[in-house]
Structure formats: C-alpha cells, structure tokens
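Comments concern the structure below.
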Amino acid sequence: AQSVTQLDSQVPVFEEAPVELRCNYSSSVSVYLFWYVQYPNQGLQLLLKYLSGSTLVKGINGFEAEFNKSQTSFHLRKPSVHISDTAEYFCAVSRPRSASKIIFGSGTRLSIRP
Amino acid sequence: IAGITQAPTSQILAAGRRMTLRCTQDMRHNAMYWYRQDLGLGLRLIHYSNTAGTTGKGEVPDGYSVSRANTDDFPLTLASAVPSQTSVYFCASSDETGGTDTQYFGPGTRLTVL
C-alpha cells in the first residue's frame, strides 16, 4: 500500500523568499506523484504531476518539484513566493492504472508574510 | 463550462436526518469521486465510480452511499447523519481510471451535523 507524509503542517515565509514544501512517500511499486493547491474556500487544483521521465517537473505559478527515488521524496519548491501563493498544498500518490487509489497527504499550509 | 458543481454550498443538519449531496460534471469524465476533508487528515476517499453504473468503496465508506445512474451525476447520501460526519465534502472527476490524469474538484459542501 502507498502512503504519503507531509512533514510540515504549516510553513510561514516572507514574500519574495524561496520556499520548499516537503513530501515523502512509501510504496512497494512504482507510483505517480502529484501536488495540488487549495486556495481559501475553494476546491483543489493540480499544480504539477510526475508520471515518468525527467525527475524535475515544472508546474503552474512558478512551482516545481523533484522526484527523488532513492529518498522517496517529491518536494515542492518556488524560488520567490508572492502573497497570492497563500494556500494549502497537498502531496498525493497513486498507483498506475488505479486512479481510485490516490492517497493525499495531510496538507501544508503556506502563509506568506509581507 | 462549469466543470464540477456541488450543492448545497453548506448545510446544517440534525443528527439522524437523511441528506443527499449533489455533484454534477459537464466534462464527460468517466470517473468520479467523493472525498471528505478534515483538519489535519487531508482528503480521504469515501466512494468512487470508474464509469456510469459502477461504484466502489474508498477509505471511509461507512455511513455513506452513492449511485451513478449516468455520466454526469454522482450524488452522495448520508442515510442517518451523525456528528462525526461534520466535514467538508469534495466531489472530483477525472478522464480516465489509469491514475495518470488530473482530478478536477468541485468547490465543496460544508456540512455540519448537530
């Protein structure tokens, strides 16, 4: 079975500072990895996903994530954050050919200070 | 294009009452999902449907039922609501069941059971 752990429940950063949101997963089989963002009072939307190929994945709004198989990690990064990035971020893992088995992490709340 | 709509937006319900949360998508996606979101627990899958006419149980199905009579609609029913079902409920859909595609989320229904 897969599982995903987001190590930080909250991450406060100053505007224009870099940020990294951490995500580790466990699985005995190959997996697909996702980052979703949830803005206040909205549903989730996809930031980026890793299916195969290049381990560095670029997403919307300047975010990127790197798949590290040896460390079973999929950390999300942005070099310079904006107030509008204030949101909750969810890492998720799924087994290929099994969309019903997407497992979400508990979320990391990113708060941006001016 | 509306994507996914959910109704109601919010509801306060007395324990023991029956409640149906509605979900409609206009993207002709074959797969649909119901999640509940609770603080510190992320999203947990309640039920899913890979195609019209079929449904499956997710991680937390007890106390909930679903039906999928057609492609567009995927209602979630609480037969006899209990306070532990107080949560935010999200409906989602995806274009395939291979675990590779993006899940699109509705805006959510905030349910309070007293």
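The values are calculated or read from the model by the stated rules, or taken from the named source; none is laboratory data. A quick note: this is a predicted structure, and the numbers were derived from the prediction, not measured. For neighbour counting, all protein chains shown are included, and Cβ atoms are generated from backbone atoms with ideal geometry for every residue, glycine included. Protein only, heavy atoms only, side chains kept; ligands, DNA and RNA dropped before computing areas. Shrake-Rupley method; radii C 1.70, N 1.55, O 1.52, S 1.80 Å.
Within the range A:1-50, the set of residues being among the β-branched types (Val, Ile, Thr) and open to solvent by less than 40 Å² (accessible area, probe 1.4 Å) comprises A:4, A:11, A:13, A:19, A:31, A:37. When A:38, A:71, A:42 are screened for being out of contact with any helix residue (DSSP H, G or I) (no Cβ under 8 Å at 6 or more places or on another chain), polar (S, T, N, Q) and facing chain B (nearest Cβ under 8 Å), only A:42 passes.
Residues in the range B:76-95 that are more than 11 Å from every other protein chain (Cβ to nearest Cβ) and either surrounded by 21 or more Cβ atoms within 10 Å (Cβ to Cβ) or not in a strand (DSSP E or B) (or both): B:76, B:79, B:80, B:81, B:82, B:83, B:84, B:85, B:86, B:87. Please work out which one of (1) open to solvent by 70 Å² or more (accessible area, probe 1.4 Å); (2) out of contact with any strand residue (DSSP E or B) (no Cβ under 9 Å at 6 or more places or on another chain) is the condition residue A:53 fails and give its number. The single condition residue A:53 does not satisfy is (1). Against the list (1) open to solvent by 10 Å² or more (accessible area, probe 1.4 Å); (2) assigned to a strand (DSSP E or B); (3) of a type in the set (Gly, Ala, Ser); (4) in contact (Cβ under 8 Å) with a residue 60 or more places away in the chain, the condition residue B:65 fails is (4). Looking only at residues in the range B:52-75 that are among the small types (Gly, Ala, Ser) and closer than 22 Å to residue B:113 by Cβ, the one that is farthest from the other protein chains (Cβ to nearest Cβ) is B:63. Kindly provide the set of residues from the range A:57-87 that are assigned to a strand (DSSP E or B), within 22 Å of residue A:26 (Cβ to Cβ) and touching a strand residue (DSSP E or B) at 6+ places or on another chain (Cβ under 6 Å), ordered by number. Passing the criteria: A:57, A:65, A:66, A:67, A:73, A:74, A:75, A:76, A:77. The set of residues in the range B:96-114 being more than 15 Å from residue B:3 (Cβ to Cβ), facing chain A (nearest Cβ under 8 Å) and either at pLDDT 95 or above or open to solvent by less than 10 Å² (accessible area, probe 1.4 Å) (or both) consists of B:99 alone. Taken residue by residue, the range A:91-102 has at least one member that is surrounded by 17 or more Cβ atoms within 10 Å (Cβ to Cβ) and farther than 23 Å from residue B:38 by Cα. Restricting attention to the range A:1-46, the residues that are part of a loop (DSSP other than H, G, I, E, B) and polar (S, T, N, Q) total 8.
The requirement of being open to solvent by less than 50 Å² (accessible area, probe 1.4 Å) and within 22 Å of residue A:6 (Cα to Cα) is not satisfied by residue B:25. Listed conditions (1) of a type in the set (Lys, Arg); (2) in a strand (DSSP E or B); (3) in contact (Cβ under 8 Å) with a residue 24 or more places away in the chain; (4) within 14 Å of chain A (Cβ to nearest Cβ) are all met by residue B:22, apart from (4).
For the range B:39-51, taking the residues that are surrounded by 15 or more Cβ atoms within 10 Å (Cβ to Cβ) and not polar (S, T, N, Q), the one that is farthest from the other protein chains (Cβ to nearest Cβ) is identified as B:46.
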